[in-house]
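Report on the structure given below.
The values are calculated or read from the model by the stated rules, or taken from the named source; none is laboratory data. The structure displayed is predicted, hence computed values, not measured ones. Counting neighbours? That spans all protein chains shown, and the Cβs are built from the backbone with ideal geometry, glycine included.
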Amino acid sequence: MRKLNPLYIIVLLGIVFIFVEYNLSQSKKELQDNFLQFQKNKELAIKLHTLKKAYSSENISKLLRILHSKRFASAHFNIDRKRDRVRITSKNISLKDLNYLFSKLLNGHYPIGGLELTRLSKEKAKMVLELVW
């Protein structure tokens, strides 16, 4: 039986070590790429969740409940609902009611597309508000 040269064993182990090290570095790069992609997807999911929460029909229905409350009985709101927008107009709203309405609008997540205010007198104003989603 012949003896194996220890030099062959050392070279073979060196080649195996280089191969394993190369595969490990490739796996590390792939793991880093996957982690970066995961972070991007996580950020996108958070943005989508907040947008879904902001533009939900539940939010619009809350606003419509506020508009139909007794506080705004004298404002006579005209509400036009279309597929992607709601247009709310009032030809005669008191400034106190307008202030209350805007405190509710600005403290909530409402997608305001357009706003037009015209002062009619010291106590009254005309308002056109458009919510777009």
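Assorted remarks:
- Test result for Ile60, in contact (Cβ under 8 Å) with a residue 24 or more places away in the chain and under 18 Å from Leu129 (Cα atoms): yes
- Taking the criterion of being within 32 Å of the chain's Cα centre (by Cα) and either of a type in the set (Val, Ile, Thr) or buried (at least 16 other Cβ atoms within 10 Å of the Cβ) (or both), the residues of the stretch 119-133 that qualify are Met127, Val128, Leu129, Glu130, Leu131, Val132, Trp133.
- Residue pairs whose Cβ atoms lie under 7 Å apart, separated by 6 or more positions or on different chains, with the first residue in the stretch 70-81 and farther than 20 Å from Glu130 by Cα and the second among the charged types (D, E, K, R) and outside any strand (DSSP E or B), are Arg71/Asp97.
- Residues that are under 18 Å from Tyr100 (Cα atoms) and among the aromatic types (Phe, Trp, Tyr) within the stretch 31-87 comprise Phe72, Phe77, listed in sequence order.
- Of the residues making up the stretch 39-58, not a single one is in a helix (DSSP H, G or I) and touching a helix residue (DSSP H, G or I) at 6+ places or on another chain (Cβ under 7 Å).
- Check on Ser90, at negative phi, assigned to a strand (DSSP E or B) and among the small types (Gly, Ala, Ser): yes
- Among residues of the stretch 102-114 that are closer than 13 Å to Lys62 by Cα, those with a Cβ under 8 angstrom from a residue that is polar (S, T, N, Q) and assigned to a helix (DSSP H, G or I), sequence gap 6+ or separate chain, pair up as Gly108/Asn59; His109/Asn59; Tyr110/Asn59.
Results for (1) surrounded by fewer than 11 Cβ atoms within 10 Å (Cβ to Cβ); (2) at pLDDT 90 or above, shown as yes or no for each residue.
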position: Asn23; (1), (2): yes, yes
position: Lys40; (1), (2): yes, yes
position: Ala45; (1), (2): yes, yes
position: Leu51; (1), (2): no, no
position: Glu58; (1), (2): yes, no
position: Leu64; (1), (2): no, no
position: Phe77; (1), (2): no, no
position: Val86; (1), (2): no, no
position: Lys96; (1), (2): yes, no
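- So Arg71, is it surrounded by fewer than 16 Cβ atoms within 10 Å (Cβ to Cβ), in contact with a helix residue (DSSP H, G or I) (Cβ under 9 Å, 6 or more places away or on another chain) and assigned to a helix (DSSP H, G or I): yes
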